[in-house]
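Q: Just dropping this structure here.
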Amino acid sequence: MTVIKHKEQRVGVFIDTQNLYHSARNLYRARVNFGAVLKEAVAGRRLVRAVAYVITTEAGDEKNFFEALGKLGIETKTKDLQIFAGGAKKADWDVGLTVDAIKMSPRLDSVVIVSGDGDYIPLVEYLQTIGIQVEVLSFGKSTSSKLREAVDDFVDLSLSPKKFLIDIR
């Protein structure tokens, strides 16, 4: 399928921050340049809304990061890290991101999911059935192959690590 990106397209960008953070750290021992990621996701089109789904920890060290996202024009939605009785930790926003993308879809022509998580395939398929173009930006090595097949366009951030990463070692 040919992907059309034109300046009048209304775009919503939904960033699974934990997914991107861990991929960059594990694959490259680096941090994500969210400004460059947002610019690539928007691709010169009309940004309606950009939302980063983030986790807060007990230490609260994330404040500066959240402020930096805000300065880039990225809204943050926060959720506390869940710690279970046995010590297990859980931190995901899959359902929240999915619900927001569906709620916002009537005002969008294109939804950009910034994550490689295959759990978003049902969201991709639903949005496509209602006429929304769905794109994914993530690091290819940590992206579900089924997700790559499902979307209208996939941008592999691994192809330009100097552009999308900070402190590459």
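The values are calculated or read from the model by the stated rules, or taken from the named source; none is laboratory data. A quick note: this is a predicted structure, and the numbers were derived from the prediction, not measured. No Cβ is skipped: glycine too gets one built from the backbone with ideal geometry, and neighbour counts run over all protein chains shown.
Q: Show the residue pairs meeting these rules: Cβ distance below 8 Å; 6+ apart or different chains; first residue within segment 24-46 and under 15 Å from Asp167 (Cα atoms); second residue among the β-branched types (Val, Ile, Thr) and assigned to a loop (DSSP other than H, G, I, E, B).
A: Tyr28/Ile168; Arg29/Ile168; Ala30/Ile168; Phe34/Ile74
Q: Okay, next question. Is it the case that Ala50 is farther than 13 Å from Leu165 by Cβ and either of a type in the set (D, E, K, R) or under 13 Å from the mean Cα position of the chain (by Cα) (or both)?
A: yes
Q: Within segment 74-108, which residues are touching a helix residue (DSSP H, G or I) at 6+ places or on another chain (Cβ under 8 Å), modelled with pLDDT under 95 and not in a strand (DSSP E or B)?
A: Of everything in segment 74-108, those that are touching a helix residue (DSSP H, G or I) at 6+ places or on another chain (Cβ under 8 Å), modelled with pLDDT under 95 and not in a strand (DSSP E or B) turn out to be Ala91, Asp92, Trp93, Asp94.
Q: Something else: Among the residues of segment 109-147, what is the count of those that are charged (D, E, K, R) and either outside any helix (DSSP H, G or I) or under 14 Å from the mean Cα position of the chain (by Cα) (or both)?
A: Step one: filter segment 109-147 for residues charged (D, E, K, R), giving 109, 117, 119, 125, 135, 141, 146.
Now drop any that are not either outside any helix (DSSP H, G or I) or under 14 Å from the mean Cα position of the chain (by Cα) (or both), which leaves 109, 117, 119, 135.
Residues flagged as charged (D, E, K, R) and either outside any helix (DSSP H, G or I) or under 14 Å from the mean Cα position of the chain (by Cα) (or both) within segment 109-147 amount to 4.
Q: OK, next. In segment 148-169, how many are in a strand (DSSP E or B), within 16 Å of Arg31 (Cβ to Cβ) and without any contact (Cβ under 8 Å) to a residue 40 or more places away in the chain?
A: Selection size over segment 148-169: 0.
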